[in-house]
Amino acid sequence: MAIVTLTTDLGLKDHYVGVVKGSLLKLCPEARIIDISHNIEPYNIIQAAFTLKNAYKEFPEGSIHIIGVNPEADLDATHLVIKHNGHYFIGADNGVFSLILEESPDQIIELNINPELESKSFPTKDIFAKAAAHLAKGGTLEMIGSKKEAVLERSLFQAVSVENFIKGMVLYIDHYGNILTNIEEPFFKAFGRGRDFSIEFRQGEYNINRISKGYSDVPEGEKLALFSSSKLLEIAMNKGNASRLLGLQESDSIRIEFYDR
């Protein structure tokens, strides 16, 4: 039984998710459809990439991942199937693949599935679902497209070190208001070398000077910093919405100053 996951910006209010699932099941009744998220902000491929990147590795090899976020830049948009590490990814060549994968894909196929003229506005259903169903039933990549050499590259701002500082930014805010930054744990440890530090944000209005192991390390309502399961520096509140209460949004600056003893 093939697993097909869905990561989209379709939301849950309307009928669109149901239409995609119905189309998939009509084409491949035995498919097992798993929702990763339908609450990606409209057209936000960075959110989509972050969400799927942190989820897909927990699925078994052979899983098929549909990315229905900003799939139609224009009527000539390029749509791809990527095979990498035993997984398949289907979506638009809008930069999202380069944000999900940390290395060059094993195989890139440009889809040649052409929807009906009147249905070109819904490629998640009319192109991606058809490609996923084909793969779920054991079809080959060569039957639905042609080889492509590379995907559209899009890079994120990387955390950098300057003198005694690490400069980073807010990458993602989750459902609880926890703030995920682009500062990775190995980089923090290598640069910090065990030194005292101050994590500063909102132009120094707030700061945190220790790394916690869990949310309950501080009293309820208190802010804290820890490294998430994805090894990224997270700013949070114990049973509180850190993003709302601290006034931090995606792309806001985070600075860590280290002190020599």
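The values are calculated or read from the model by the stated rules, or taken from the named source; none is laboratory data. Remember, it's a predicted structure, so these values are computed and weren't measured experimentally. With ideal geometry, Cβ positions are generated from the backbone for all residues, glycine too; neighbour counts draw on all protein chains shown.
Okay, residues lined up against (1) out of contact with any Leu (no Cβ under 8 Å at 6 or more places or on another chain); (2) modelled with pLDDT under 95:
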{"residue": "Gly95", "(1), (2)": "no, yes"}
{"residue": "Glu102", "(1), (2)": "yes, yes"}
{"residue": "Asn114", "(1), (2)": "yes, yes"}
{"residue": "Glu118", "(1), (2)": "yes, yes"}
{"residue": "Pro123", "(1), (2)": "yes, yes"}
{"residue": "Ala132", "(1), (2)": "no, no"}
{"residue": "Glu149", "(1), (2)": "yes, yes"}
{"residue": "Phe165", "(1), (2)": "yes, no"}
{"residue": "His175", "(1), (2)": "yes, yes"}
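Scanning the range 9-41 for residues that are touching a residue at least 40 places away in the same chain (Cβ under 8 Å), part of a loop (DSSP other than H, G, I, E, B) and within 18 Å of Ile127 (Cα to Cα) yields Asp9, Leu10, Cys28, Ala31.
Looking at the range 222-261, which of the residues that are among the hydroxyl-bearing types (Ser, Thr, Tyr) and touching an Asp or Glu at 6+ places or on another chain (Cβ under 8 Å) is farthest from Glu184 (Cα to Cα)?
Tyr259
Against the numbered list (1) surrounded by 22 or more Cβ atoms within 10 Å (Cβ to Cβ); (2) assigned to a helix (DSSP H, G or I); (3) among the hydrophobic types (A, V, I, L, M, F, W, C), Leu6 comes up short only at (2). One residue stands out in the range 150-180 among those that are within 16 Å of His79 (Cβ to Cβ) and surrounded by fewer than 17 Cβ atoms within 10 Å (Cβ to Cβ): the one that is nearest to the chain's Cα centre (by Cα), namely Leu152. Taken over the range 237-255, residues that are surrounded by 17 or more Cβ atoms within 10 Å (Cβ to Cβ) and farther than 16 Å from Gly177 by Cβ amount to 1.
Test of understanding: among Phe187, Phe197, Phe191, Phe258, which residue is assigned to a helix (DSSP H, G or I), surrounded by 12 or more Cβ atoms within 10 Å (Cβ to Cβ) and over 24 Å from the mean Cα position of the chain (by Cα)? Result: Phe191 is the single residue among Phe187, Phe197, Phe191, Phe258 that is assigned to a helix (DSSP H, G or I), surrounded by 12 or more Cβ atoms within 10 Å (Cβ to Cβ) and over 24 Å from the mean Cα position of the chain (by Cα).
Any chance you could count how many residues in the range 228-261 are of a type in the set (A, V, I, L, M, F, W, C), farther than 24 Å from Ile40 by Cβ and out of contact with any Lys or Arg (no Cβ under 7 Å at 6 or more places or on another chain)? Can you show your working first?
Of the residues in the range 228-261, the ones of a type in the set (A, V, I, L, M, F, W, C) are 232-233, 235-237, 242, 245-246, 248, 254, 256, 258.
Then drop every residue that is not farther than 24 Å from Ile40 by Cβ, which leaves 256, 258.
From what's left, out of contact with any Lys or Arg (no Cβ under 7 Å at 6 or more places or on another chain): 256.
Here the count works out to 1.
When every residue of the range 181-204 is checked against the conditions, at least one turns out to be closer than 25 Å to Val96 by Cα and touching a residue at least 60 places away in the same chain (Cβ under 8 Å). Answer yes or no as to whether Lys213 is without any contact (Cβ under 8 Å) to a residue 24 or more places away in the chain and surrounded by 18 or more Cβ atoms within 10 Å (Cβ to Cβ). No.
Candidates in the range 58-92 are the residues that are modelled with pLDDT of 95 or more and of a type in the set (D, E, K, R); of these, the one that is surrounded by the most Cβ atoms within 10 Å (Cβ to Cβ) is Lys83.
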